[in-house]
Each structure stands twice: as structure tokens, then as C-alpha cells.
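The values are calculated or read from the model by the stated rules, or taken from the named source; none is laboratory data. Every value quoted in this text rests on a predicted model; they were computed, and no experiment measured them. A quick note on method: Cβ atoms are made from the backbone with ideal geometry, for glycine too, and the neighbour counts reach across all protein chains shown. Side chains are part of the model used for accessible areas, which takes the heavy atoms of the whole protein and leaves out ligands, DNA and RNA. Shrake-Rupley method; radii C 1.70, N 1.55, O 1.52, S 1.80 Å.
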Amino acid sequence: MSSPDIVPTHDSTTPAVSVRNLWKVFGPKAESIPGSADADLAPAELKDKTGCVAAVRDVSFDVAPGEVFVVMGLSGSGKSTLVRCITRLIEPTAGDVLVEGDNLSSADEKKLRELRRNRFSMVFQHFGLLPHRRVIDNVAYGLEVRGDDKASRLARAQEVIDLVSLNGFENSYPDQLSGGMQQRVGLARALAGDPDIMFFDEPFSALDPLIRRGMQDEVLRLHHEVGKTMVFITHDLSEALRLGDRIAIMRNGRLVQVGRPDELVGAPADDYVADFTRDIPRSHVLTMRWIMRPPRPEEALDGPEVSPDMIIRDSIGPITSASGPARIVQDGQLLGVVDRDDLLTVIAGGQS
């Protein structure tokens, strides 16, 4: 499926996406803001002094191959601008974006077009389906633009239609489908070109809660089955915690904290992150690592053996039914123990 114009430059150690010192400034003489004395001004002060708005401020992070990396923040935090800069749907003011080793920031129009067709794809909140085309033709559209012959593109479109559980609706038109089914068409269209990386810009925020959860399940299933690297933008913390291997929280264009879900809940970087995660049940996110303790001299170490990465909620059954504390073991080494009282402290809302 790869284009002959794209020569992979990456190996297993190369980040799928690498963002370095990325800025997006809107306003007069925007390019003068990064690296200047004004760069650290608060948003209102920067606007008053220069007439500029810094939507993305000096952002750097890496996304590992096969990772689901979630960027979240409130409205106006810069998350959607960030993903549009990464894909160069809008031009960054400064900084670099590398996709599997290829620098998008210096790519000409031809190479950028080829990278979009072959290396990465996007799923948006607004489905953008062609109303006069059947589902199968919508899914195959990117392959048609790429120049694939009709037989091969329809065969590939059918494969991904089956993958997203839309079989039987190949010949339907978009207005005959529910919102959730239309988003499945958008998801299938993004998968059709077999991209290495998929970018999602709040794709489910317009859907009803039950449909939204179903689409989250679909993303998790597809990630498990096809193993794509995914960069997912959302304003919903519950969605971020459910989907993300790691989560980046943005505020006023900057990254406030990047970490695993348990790190954000268990060790928030500041009050802003703590406020974000305050209402999340700790037992649903934290693992045994966060509550294990050294064994006491009088304790018999005859309880069940539990992984340090087990979620607290999932450990309730085996630990509460055991006669002694659970042994937290990794690679044959005892890391600590957890008993019923330790669990109850966290479940009741106590500090770990």
C-alpha cells in the first residue's frame, strides 16, 4: 500500500510522532513571539501588548509506536490547534514535527500529500461524508484520490467496513445512517489507507453518551486488533482515562503534565491537574503500586500473588476474600503487600 515516493526512515526505536518546541501564534508579527521576552506573558497580557494569541506554546512530546496518546484540556486550551499543527492542516509558527523520522515542518506539498495519503489519517468530530456516495464509496474515497484501481479499493473498503461492523450497510447512503454509524464510516475511511498513525480530533463529542461509549469501545477494539498508533484529542477526562496509554493535559497552550492515567490521578503535577482529576474514583485508575506497603513482621505472607499493575478495583475480590495480605510480585520479586484495610482506605476516598 506504500507509495514509492515515501521511503520509511524509522525503526522500532524511532518515535511514531515527535513534537519539538512547537508554537502556533495568531496575530501581527506572530513569528517574533517564540523565544522573545513576551513569550512567557499570560494570554491576556500577550494579547494586550502585542495583539497576538499563542494557541500552542513551546510544546514537546514523543508518541511511541502503537501507543494511544491522548491530549486533553478545556475549550481554548489549544488541543485542537495542536493536532492541526502536527498534521500541518494549519502551519506552525515555530518548532518541528517528525512523523516516523520524517520532518513534516520542512516537507514540500508533494511529500506532505504523500505522507497524508500513506502514513497518517484523521478522524474529525464532523464526519464530512459525501452525501451522494454510498458507504463503500465514501470509505474508498481516499484510495480513489490516491490512484488505486477500482477493484482493489472496493475490496479494501469492504475489509474495513467488516472491521468496523458496518457489513450490510455498504450500499446505504449517509443520511440513512445514525450518527454513530456515520462515525464508523469516518473511522473506516481513515483505516482504509492502512496508515501507521491515526489522529482523532474530538470525534465522539457530538454523539449521545451511550453511542459515544460504544465508539470508545470500538476504538479500543480496533487498537487491540490492528495496533495503530493513535493520537486522540478530547475535553472529556473519563474518555481520556479510558482510552489513553498516556495523557497530556493542556492549559493556555502549554502542556501541564504528561503521564499514565494512574500518574495523573495519583500524582497530579499541580492544583490544575488535581482539580481535573478530583472526581475520578481513585480505585478505578490507581494500581497496586500506589497502595502497596512493606510487610509487617507479624504478617503471614500466604495471601494471593497480585501484579503491581492490577487496577485496585479489579483486586477487590481476591484481596477481600483472602486470609492474609496479597503479595505484590513482579518478576519473582516481592515488592510489597496490600490487605483489606489498605483497599478500604482508597475506596472510601482516603489518601494512598
For this session: Give the number of residues within the stretch 51-92 that are in contact with a Lys or Arg (Cβ under 6 Å, 6 or more places away or on another chain), part of a loop (DSSP other than H, G, I, E, B) and closer than 24 Å to S32 by Cβ.
Result: 3
Exercise. In the stretch 40-65, which residue that is of a type in the set (V, I, T) and open to solvent by less than 50 Å² (accessible area, probe 1.4 Å) is farthest from the chain's Cα centre (by Cα)?
Worked result: T50
For this session: Scan the stretch 251-276 for residues that are over 15 Å from I312 (Cβ atoms) and open to solvent by less than 20 Å² (accessible area, probe 1.4 Å) and report the count.
Result: 4
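Out of the stretch 282-319, which residues are part of a helix (DSSP H, G or I), closer than 16 Å to P261 by Cβ and touching a residue at least 12 places away in the same chain (Cβ under 8 Å)?
Of the stretch 282-319, the ones part of a helix (DSSP H, G or I) are 282-284, 288-291, 312-319.
Subsequent filtering for residues that are closer than 16 Å to P261 by Cβ retains 282-284, 288-291, 312-314.
Across the stretch 282-319, the qualifying residues are R282, S283, H284, M288, R289, W290, I291, I312, R313.
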Exercise. Which pairs have Cβ atoms under 6 Å, sit 6 or more apart or on different chains, and link a residue in the stretch 27-41 that is outside any loop (DSSP other than H, G, I, E, B) to one that is of a type in the set (V, I, T)?
Worked result: A30/T93; E31/T93; D38/T50; A39/I33
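I'd like the full set of residues that are assigned to a helix (DSSP H, G or I) and either open to solvent by 20 Å² or more (accessible area, probe 1.4 Å) or closer than 18 Å to T277 by Cα (or both), limited to the stretch 216-238. Break it down stepwise before answering.
Initial filter on the stretch 216-238 (assigned to a helix (DSSP H, G or I)): 216-226, 237-238.
Listed by number, the residues that qualify are D217, L220, R221, H223, H224, E225, V226, L237, S238.
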For this session: May I ask you to say which residue of L115, L82 is within 16 Å of the chain's Cα centre (by Cα) and on the phi < 0 side of the Ramachandran plot?
Result: L82
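One residue is enough: does the stretch 129-150 have a residue meeting the conditions within 22 Å of the chain's Cα centre (by Cα) and touching a residue at least 12 places away in the same chain (Cβ under 8 Å)?
From the stretch 129-150, those within 22 Å of the chain's Cα centre (by Cα) are none; that's our starting set.
No; the residues of the stretch 129-150 include none that is within 22 Å of the chain's Cα centre (by Cα) and touching a residue at least 12 places away in the same chain (Cβ under 8 Å).
Can you tell which of G101, G95 is surrounded by fewer than 20 Cβ atoms within 10 Å (Cβ to Cβ), under 23 Å from the mean Cα position of the chain (by Cα) and over 19 Å from V59 (Cβ atoms)? Reasoning before the result, please.
Numbers: G95 fails: over 19 Å from V59 (Cβ atoms).
Matching residue, one of G101, G95: G101.
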